[in-house]
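Undergrad: Got a structure for you, questions after.
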Amino acid sequence: MGMQQTKFILPEDRIPRAWYNIAADLPTPPPPPLHPGTGQPIGPADLAPLFPMALIGQEVSAEREIEIPDPVREAYSMYRPSPLYRAHRLERALGTSARIYYKYEGVSPAGSHKPNTAIPQAWYNQQEGVKRLSTETGAGQWGTALSLAGAIFGLEVKVYMVRASYDQKPYRRNLMEVYGASVVASPSPDTNYGRSVLAEHPDSPGSLGMAISEAVEDAATRDDTKYALGSVLNHVLLHQTVIGLEAMEQMEMAGDEPDILVACTGGGSNFAGLTFPFLGRKLRGEADYRIIAVEPEAAPSLTRGVYRYDFGDTGQMTPLVKMHTLGHDFIPEPIHAGGLRYHGMSPLVSLVKELGLIEAQAVHQRKTFESGVRFARAEGILPAPEPTHAISVVIDEALKANAEGTSPVILFNLCGHGHFDLAAYARYLSGDLVDYEFPADQVRVALEGLEGLPV
């Protein structure tokens with residue numbers, strides 16, 4: 001008997017030539033972003049201080065395919081197409097009849113899926129003559145990716161890194177600086193908003209919402225600077241669809257079709273990247289899939305939040321977007337999955353959840369690390385804390401298949417490696433890692449904070 005195939009590899013000429021835009025296949029158009037001052041739908045001019053026009057065009061486009069520029073594809077070739085793995089060893093360890101596959105995005109130089117959007121964002125900015133980008137980062141994966149993209153296209157990058165992650169993950173910060181970026185802990189003394197928070201809470205652990213406020217203020221007050229966001233917005237999710245587009249071809253190579261797709265969700269970028277091309281097939285009536293978004297119990301926007309308009313940041317500077325939110329003032333506990341510590345969810349992911357096209361589950365921190373260790377001991381790859389959320393549900397589904405006597409094909413996105421997260425794994429292994437409960441009255445408090453805003 002021959003050896004079973006583990007990796008499914010596409011040649012470089014199969015890097016997708018166009019991104020997939022789910023807006024073309026949705027049964028209802030996404031609710032428009034609203035101006036934070038007037039509450040009216042915003043136009044391109046309102047976004048121009050923050051983004052180049054090419055990205056604003058992608059944000060509102062209803063075209064199914066948006067061509068990937070050649071310089072972007074050329075930069076993608078540093079690590080794309082990424083491999084698809086059949087998790088034979090994990091299957092054996094679980095004694096499961098399920099067939100498990102994962103798309104591994106940790107092969108990028110930044111160690112995660114984030115360069116899929118950092119590279120095009122940097123390129124489009126460079127094409128419009130922008131010299132400098134400001135951004136926020138939680139766990140540091142997005143800041144690392146934008147720092148890399150800045151190095152590729154000759155842009156200066158300023159990163160506002162959430163204080164909790166800045167302290168937990170010094171090597172992430174170091175890598176951003178190696179790529180040439182300037183990194184400060186947020187809330188920082190570098191912006192009016194940061195100074196106002198520090199005056200009231202000198203020991204603030206920060207949050208993505210706060211860091212976004214600082215980065216937006218930075219961009220809005222400088223002529224040479226635009227803002228770059230690593231998740232949430234439509235154009236970011238669009239760029240990430242290279243993951244799912246490649247995975248479709250690779251699943252065909254494997255002679256399989258997924259029944260269940262799983263990915264973690266914080267803002268929604270890696271989840272949408274894997275699942276939206278498959279969801280497009282579902283919307284067009286070409287196939288059917290069960291699609292599961294997995295989030296942390298400490299920041300459960302999809303499972304416990306309210307679907308309504310809210311600010312994307314704590315300082316109320318961003319446009320209002322309709323999303324599942326826990327309230328823009330909510331500061332999640334300092335879980336190690338820093339990329340999932342966000343009060344809201346991408347408007348597009350929120351909409352497909354509201355339409356009943358996907359389901360969502362929330363998982364506690366210790367259970368995710370238990371799953372990450374189990375995966376690493378079977379497959380050899382140490383997952384970042386974020387995708388351990390997906391792995392946890394994959395293991396649950398595989399064990400459920402055993403109990404039910406079924407053999408589903410499960411595909412998940414392993415969106416990054418955990419090499420910079422070994423301190424968190426050490427805390428788990430020593431028994432020091434804690435679970436955080438979502439505050440029981442948080443949604444009521446959030447709704448009180450949203451009074452007066454459009455619903």
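Every number in this text was worked out from the coordinates using simple rules, so none of it is lab data. No experiment lies behind these values; they were computed from the predicted model shown. Here the Cβ is made from the backbone with ideal geometry for all residues, glycine too, and neighbour counts use every protein chain on show.
Undergrad: Please report the spacing between the Cα centers of segment 102-138 and segment 298-372 in Å, no decimals.
TA: Using only Cα atoms, the two centres lie 22 Å from each other.
Undergrad: Moving to a separate point now. Looking only at GluC sites (Glu not before Pro) in DSSP loops with at most 10 other Cβ atoms within 10 Å, what is the longest site-free stretch of the chain?
TA: 1-285
Undergrad: Let me ask something else about it. With runs of 4+ DSSP H residues as the only contributors, calculate the mean residue ellipticity of the chain at 222 nm using -39,500 (n - 2.57) per run, divided by the residue total and rounded to the nearest 500.
TA: About -12000 deg cm²/dmol.
Undergrad: Can you compute the charge dipole magnitude of the chain about its Cα centre, using +1 on each Lys and Arg Cβ and -1 on each Asp and Glu Cβ, nothing else charged? Give it in debye, rounded to the nearest 20.
TA: Computed charge dipole of the chain: roughly 820 debye.
Undergrad: While we're on this one: Of the labelled options [x] 1.03; [y] 1.39; [z] 0.94, which one gives Rg/Rh (Cα atoms, Kirkwood Rh) as computed for this structure?
TA: [z]
Undergrad: Related question: Can you give the net charge of the other residues whose Cβ lies under 13 Å from the Cβ of Tyr124, counting K and R as +1 and D and E as -1?
TA: -2
Undergrad: Lys158: which aspartates and glutamates have alpha carbons under 13 Å from its alpha carbon, excluding same-chain residues fewer than 8 sequence positions away?
TA: Straight-distance partners of Lys158: Glu136, Glu177, Asp190, Glu214, Glu217, Asp218, Asp224.
Undergrad: Once R0 is set to 51 Å, what does the formula 1/(1 + (r/R0)^6) return for the Cβ-Cβ distance between Arg92 and Thr221, expressed as a FRET efficiency to the nearest 0.05?
TA: After rounding, the FRET efficiency stands at 0.35.
Undergrad: Follow-up. Return a whole-number percent for the relative contact order of segment 113-187, with Cα pairs under 8 Å and 6 or more residues apart as the contact set.
TA: That works out to 32 percent.
Undergrad: Right, next: Near the amide H of Glu295, under 5 Å away, which other amide H atoms are found, from residues 5 or more places off or on another chain, if H is placed in the peptide plane?
TA: Thr265, Gln361, Ala362, Val363
Undergrad: Once the Cα atoms of helix 269-283 and of the chain are each reduced to a long axis, what angle between those two axes, in degrees from 0 to 90 to the nearest 10, is obtained?
TA: 60 degrees
Undergrad: Starting from the 7 Å offset along Cα-to-Cβ, what nm value, one decimal, do you get for the label separation of Ser430 and Glu404?
TA: 4.1 nm
Undergrad: What's the local net charge at Phe276, with K and R +1, D and E -1, over the other residues with C-beta under 12 Å away?
TA: +2
Undergrad: Still on this structure, I have one more. For segment 3-75 and segment 228-295, what is the separation of their Cα centres, given in Å?
TA: 14 Å
Undergrad: Once the other residues with Cβ under 12 Å from the Cβ of Pro32 are scored (Lys, Arg +1; Asp, Glu -1), what is the net sum?
TA: Result for the local shell: -1.
Undergrad: To continue, here is another question. Relative contact order for the chain: what is it in percent, counting Cα pairs under 8 Å that are at least 6 residues apart?
TA: With pairs under 8 Å counted, the relative contact order is 19 percent.
Undergrad: Sticking with this one: Helix 365-379: angle to the longest alpha-carbon principal axis of the chain, degrees 0 to 90, nearest 10?
TA: 50 degrees
Undergrad: Nearest 10 degrees, 0 to 90: what angle lies between the long axis of helix 242-254 and the longest principal axis of the chain (Cα atoms)?
TA: So the inclination is approximately 0 degrees.
Undergrad: Remind me, relative contact order of segment 293-422 in percent, using alpha carbon pairs under 8 angstrom and six or more residues apart?
TA: Relative contact order for segment 293-422 comes out at 23 percent.
Undergrad: Let me ask something else. Between their Cα atoms, which of Lys103/Lys400; Lys114/Lys226; Lys169/Lys322 are more than 24 Å away from each other?
TA: Going by Cα-Cα distance, Lys169/Lys322 fall outside the 24 Å limit.
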